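Asker: Input: one structure, supplied below.
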Amino acid sequence: MIGRKLVRDGSLAICVFDGELDLYSAPQMEVELLEALDQPGPVIVDLSKCTYLDSTILTVLIRLTAQFRERFCLVVPTESKIWRILQITRLADELPIELDIDIARRRWDVAESP
């Protein structure tokens, strides 16, 4: 079971994942994100608490970006291990990434958290 929570703020959905994301968790993650994306409004995928992800998770993120780029983004701080993985794979420039949740919220003009 992957660590995850979904927070709705009006039409905005924030999916927070933590821990290790891998082959085992990829199908569940994809289903949960597709369910969030099935609703109207933007979806932020917060990976700031993740410690590891593998190529199956990267594949999920690439596929979702291709399909939903206009209303989908990731939160990945530059000091995280995930940022390093995205840099090595050269996906940091290809995926819609923001460095923190407040910047991601501003992408869709949603007020910052109090």
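The values are calculated or read from the model by the stated rules, or taken from the named source; none is laboratory data. Remember, predicted model here, so these are calculated numbers, not experimental data. Virtual Cβ from ideal backbone geometry, glycine too; neighbours counted across all protein chains shown.
Asker: Would you check which residues across segment 75-103 are among the aliphatic types (A, V, I, L, M), in contact with a strand residue (DSSP E or B) (Cβ under 6 Å, 6 or more places away or on another chain) and farther than 16 Å from Asp54 by Cα and list them?
Answerer: Val75, Ile97, Ile101
Conditions (1) out of contact with any Lys or Arg (no Cβ under 7 Å at 6 or more places or on another chain); (2) basic (Lys, Arg); (3) outside any loop (DSSP other than H, G, I, E, B), marked per residue:
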{"residue": "Leu61", "(1), (2), (3)": "yes, no, yes"}
{"residue": "Gln67", "(1), (2), (3)": "yes, no, yes"}
{"residue": "Cys73", "(1), (2), (3)": "no, no, yes"}
{"residue": "Arg84", "(1), (2), (3)": "yes, yes, yes"}
{"residue": "Leu95", "(1), (2), (3)": "yes, no, no"}
{"residue": "Arg106", "(1), (2), (3)": "yes, yes, yes"}
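Asker: Here are some residues: Leu12, Leu86. Which one is among the hydrophobic types (A, V, I, L, M, F, W, C) and in contact (Cβ under 8 Å) with a residue 60 or more places away in the chain? It would help to see each step written out before you state the result.
Answerer: Numbers: Leu86 fails: in contact (Cβ under 8 Å) with a residue 60 or more places away in the chain.
Sole residue among the options that is among the hydrophobic types (A, V, I, L, M, F, W, C) and in contact (Cβ under 8 Å) with a residue 60 or more places away in the chain: Leu12.
Asker: Of the residues that sit in segment 29-48 and are more than 14 Å from the chain's Cα centre (by Cα) and in contact (Cβ under 8 Å) with a residue 24 or more places away in the chain, which one is surrounded by the fewest Cβ atoms within 10 Å (Cβ to Cβ)?
Answerer: Quick first cut of segment 29-48, residues more than 14 Å from the chain's Cα centre (by Cα) only: 38-41.
If we keep only those that are in contact (Cβ under 8 Å) with a residue 24 or more places away in the chain too, we end up with 39-41.
On the way: Gln39: 10, Pro40: 8, Gly41: 15.
Looking at residues that are more than 14 Å from the chain's Cα centre (by Cα) and in contact (Cβ under 8 Å) with a residue 24 or more places away in the chain, I get Pro40.
Asker: Let me ask something additional. Restricting to segment 50-67, what's the tally of residues that are of a type outside the set (Ser, Thr, Tyr), buried (at least 17 other Cβ atoms within 10 Å of the Cβ) and more than 12 Å from Leu86 (Cα to Cα)?
Answerer: Quick first cut of segment 50-67, residues of a type outside the set (Ser, Thr, Tyr) only: 50, 53-54, 57-58, 60-64, 66-67.
Okay, now just the ones that are also buried (at least 17 other Cβ atoms within 10 Å of the Cβ), so 50, 53, 57-58, 60-61, 64.
Filter again for more than 12 Å from Leu86 (Cα to Cα), leaving 50, 60, 64.
Residues that pass the stated criteria total 3.
Asker: Six or more apart or on different chains, Cβ under 9 Å: which pairs go from a residue in segment 55-80 that's charged (D, E, K, R) to one that's surrounded by fewer than 17 Cβ atoms within 10 Å (Cβ to Cβ) and modelled with pLDDT under 95? Could you list them?
Answerer: Arg71/Pro40; Arg71/Gly41; Arg71/Trp108
Asker: Read through the list (1) at pLDDT 95 or above; (2) over 15 Å from Phe17 (Cβ atoms); (3) touching a Ser or Thr at 6+ places or on another chain (Cβ under 6 Å), then give the number of the only condition that Gly41 fails.
Answerer: Just one mismatch for Gly41, condition (1).
Asker: Considering only segment 14-49, state which residues are more than 21 Å from Ser80 (Cβ to Cβ) and either assigned to a strand (DSSP E or B) or among the hydrophobic types (A, V, I, L, M, F, W, C) (or both).
Answerer: Once the filter is applied, which keeps residues that are more than 21 Å from Ser80 (Cβ to Cβ) and either assigned to a strand (DSSP E or B) or among the hydrophobic types (A, V, I, L, M, F, W, C) (or both), segment 14-49 yields Val31, Leu34, Ala36, Leu37.
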